[in-house]
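The values are calculated or read from the model by the stated rules, or taken from the named source; none is laboratory data. Quick caveat: nothing in here was measured; it's all calculated off a predicted structure. Reconstructed Cβ throughout: ideal geometry from the backbone, glycine too, with neighbour counts over all protein chains shown.
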Amino acid sequence: MHPHLKEVLFTREQIAQRVKELAQDVSHDYEGKNPLVVGILKGSIMFTVDLLKELSIDAEVDFMDVTSYGYGISSSGEVRILKDLSSVAHGRDILIVEDIIDTGNTLLYLKKLLQGRGANSVKIISLLDKPSGRKVEIEADYVGFEVPDAFIVGYGIDYAERYRQLPYIGIFNEEFLIKE
Ligand code: PRP
Ligand code: MN
Ligand code: MG
């Protein structure tokens, strides 16, 4: 375990198993629909790639980069687009891929945005869900694991851009918070 972590929540193997199960559900629900799978940078990089590899249907992939946290530890509530889709959303069945839903600000914003562009459907898959953090009303259609009200890092999820490379998910030890 990385020395800045307090605890490992999900091992590489547990994540792989859950991603496989989620991919089966998605493959079943999107059979013949050629969905546009939209990974939300940067947190969802690992989940998006691993999910795609386990799909048994045709799908297209695209990415959007939005941010609400910057370098702080709590959501500002304001979502900014840093990179937009390359694809046209109109008429597509879009599956937004997220690493974690916390306040819900990011996903509420994205869902409304893509619906507003005339997508045929917009669904959300999130590897992690932190229901205790919710500030707006939004739920994912597919969730991998529920997580407690703790500082989660790893498998794409960062604190101040660090720890994304970890192949497992754990709780950050706040003794290692960067002091301003
Ligand atoms: C994190 C995380 C989700 C979002 C969840 O992204 O990856 O996208 O926050 O929080 P919310 O439900 O409160 O909106 P962040 O904005 O930190 O960007 P990143 O993915 O590049 O780290
Ligand atoms: Mn993110
Ligand atoms: Mg972040």
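Entry remark, the stretch 98-143: residues being of a type in the set (Phe, Trp, Tyr), within 16 Å of ligand 3 (Cβ to nearest atom) and assigned to a strand (DSSP E or B) number 0 in total. Check the stretch 24-45 and report whether any residue there is surrounded by fewer than 21 Cβ atoms within 10 Å (Cβ to Cβ), in a loop (DSSP other than H, G, I, E, B) and without any contact (Cβ under 8 Å) to a residue 12 or more places away in the chain. Within the stretch 24-45, none of the residues are surrounded by fewer than 21 Cβ atoms within 10 Å (Cβ to Cβ), in a loop (DSSP other than H, G, I, E, B) and without any contact (Cβ under 8 Å) to a residue 12 or more places away in the chain.
When restricted to residues that are surrounded by fewer than 21 Cβ atoms within 10 Å (Cβ to Cβ) and either within 17 Å of Ile169 (Cβ to Cβ) or within 12 Å of ligand 2 (Cβ to nearest atom) (or both), the stretch 104-128 contains 1.
Of the residues screened, Tyr142 is not one that is more than 30 Å from Glu7 (Cα to Cα), of a type outside the set (Val, Ile, Thr), surrounded by fewer than 21 Cβ atoms within 10 Å (Cβ to Cβ) and within 15 Å of the chain's Cα centre (by Cα).
Quick check, is Asp58 under 28 Å from Gly32 (Cα atoms), acidic (Asp, Glu), within 12 Å of ligand 2 (Cβ to nearest atom) and modelled with pLDDT of 95 or more? Against the criterion (under 28 Å from Gly32 (Cα atoms), acidic (Asp, Glu), within 12 Å of ligand 2 (Cβ to nearest atom) and modelled with pLDDT of 95 or more), Asp58 does not qualify. Go through the residues of the stretch 114-126 one by one and say whether even a single one is touching a helix residue (DSSP H, G or I) at 6+ places or on another chain (Cβ under 9 Å), near ligand 1 (Cβ under 8 Å from one of its atoms), within 23 Å of Pro35 (Cβ to Cβ) and touching a residue at least 60 places away in the same chain (Cβ under 8 Å). Checked against the condition, which is being touching a helix residue (DSSP H, G or I) at 6+ places or on another chain (Cβ under 9 Å), near ligand 1 (Cβ under 8 Å from one of its atoms), within 23 Å of Pro35 (Cβ to Cβ) and touching a residue at least 60 places away in the same chain (Cβ under 8 Å), the stretch 114-126 yields no hits at all. Could you check, for the stretch 161-175, whether at least one of its residues is at pLDDT 95 or above, outside any helix (DSSP H, G or I), surrounded by 20 or more Cβ atoms within 10 Å (Cβ to Cβ) and of a type in the set (Ser, Thr, Tyr)? Yes, the conditions are met somewhere in the stretch 161-175.
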